[in-house]
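Derivation of every value follows stated rules applied to the coordinates shown; laboratory data play no part. Computed from a prediction, not measured in an experiment: that's the story for all the values here. Please note: Cβ atoms are built from the backbone with ideal geometry, for glycine as well, and neighbour counts cover all protein chains shown.
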Amino acid sequence: MHLKRSFSIFVVLTLVPVLAWADINPGLFREYQGLLTEYLTEQTLPGNGLVSAFDYEAALVDDRLAKTLASQGKALEQFNPETLDGREESVAFWINAYNFFMLAQILTERPDGELVSSVWDYGGRLNPFVDSIFERKTFVIGDERFSLDGIEKGKLLGKDYQSRGWRDARVHFAVNCASVGCPPLRQQIYTADNLEAMLEENTRRALNTPHHLRISGDTLHGTELFKWYEQDFVEAEGSVRSFIQRWASDGVADQASDTSELEYIDYDWSLNRPSNFSTGNFDQE
């Protein structure tokens, strides 16, 4: 085993004692997985669409939360991403890192002690004089600070992964921006073993969900992700429409092929808390 990887494994092992080292993700993200298991609810919609909501209020009254977030953050600070092995482990790692950092951000930075109503409350769109949460280099992995944009656009969809043939437009349906309009955050972390299945499933089920795709007569209404990242979808399949036809369920793909117009659904930036969803029943037991 490479010396660097051996050292990184040793360091994280001191934080997370029981790990399956065939893939770094299950052990490295154990604390994050615990948060998802405890506080994230997935809801299947008619047609097998999917939405999910995180119960931030319940998490915040858990007296273990601060320790959990600190432990997960420390594990990432002490991990060397250069030791990642292969496409599946690497892509899964960066998706998990993005999603954990976004969740931790919402839980820890609460102006006047209150949850934000939207990630834009931190700055950016509503306050152009303050960097948006996507642009801040405040998230530490190894000896480097990353922004969320740096993880998504610089790593997962960056030139290095493109040169390796690892860039995958379905990542847009896996990273989660803590908003109602985002593709769903999942209860299970991404791993080398489940990466392909989850990228396929999350994309297909998102495209069965009204937040992301609707068909009305001759018009295909798609998530604004298709507008903002059009080039990624064109690179992947030749066009947005071709991407939808490739990865949507058969029924949706057939309906999409009969449309000639493409319009975009206004993105709902409301925080992905249970009360903000009108299409799912997130009543907690």
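Structure summary
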{"item": "Normalised per residue, the volume of the convex hull around the Cα set of region 167-250 (Å³)", "result": "99 Å³"}
{"item": "Residue with peak Gaussian network fluctuation, the chain [Cα springs, cutoff 10 Å], from Gly165, Gly150, Gly27", "result": "Gly165"}
{"item": "Full-extension gain in nm, Arg64 to Arg110, via 0.36 nm per residue minus C-alpha separation", "result": "14.8 nm"}
{"item": "Alpha-carbon centroid distance for the pair region 35-98 / region 163-230, whole angstrom", "result": "17 Å"}
{"item": "Spacing of the two label points (7 Å from each Cα toward its C-beta) at Lys74 and Val140, in nm", "result": "1.2 nm"}
{"item": "Kyte-Doolittle mean at least -1.0, axial Cα span of 24 Å or more - DSSP H helices of the chain", "result": "86-108"}
{"item": "Normalised contact order of the chain, rounded percent, pairs of Cα under 8 Å and 6 or more residues apart", "result": "22 percent"}
{"item": "Largest-first principal axis extents of the Cα set of the chain (Å)", "result": "58, 45, 42"}
{"item": "Asp254-Asp131 FRET efficiency (beta carbon distance; Förster radius 51 Å; 0.05 resolution)", "result": "0.75"}
{"item": "Residues of region 209-252 with amide N under 12 Å of the 7 Å Cα→Cβ point at Glu261", "result": "216-221"}
{"item": "Where Cα atoms sit under 21 Å apart: lysine pairs in the chain separated by 8 or more or lying on different chains", "result": "10"}
{"item": "Gain in span if fully extended, Ala22 to Arg214, counting 0.36 nm per residue against the direct Cα distance", "result": "65.1 nm"}
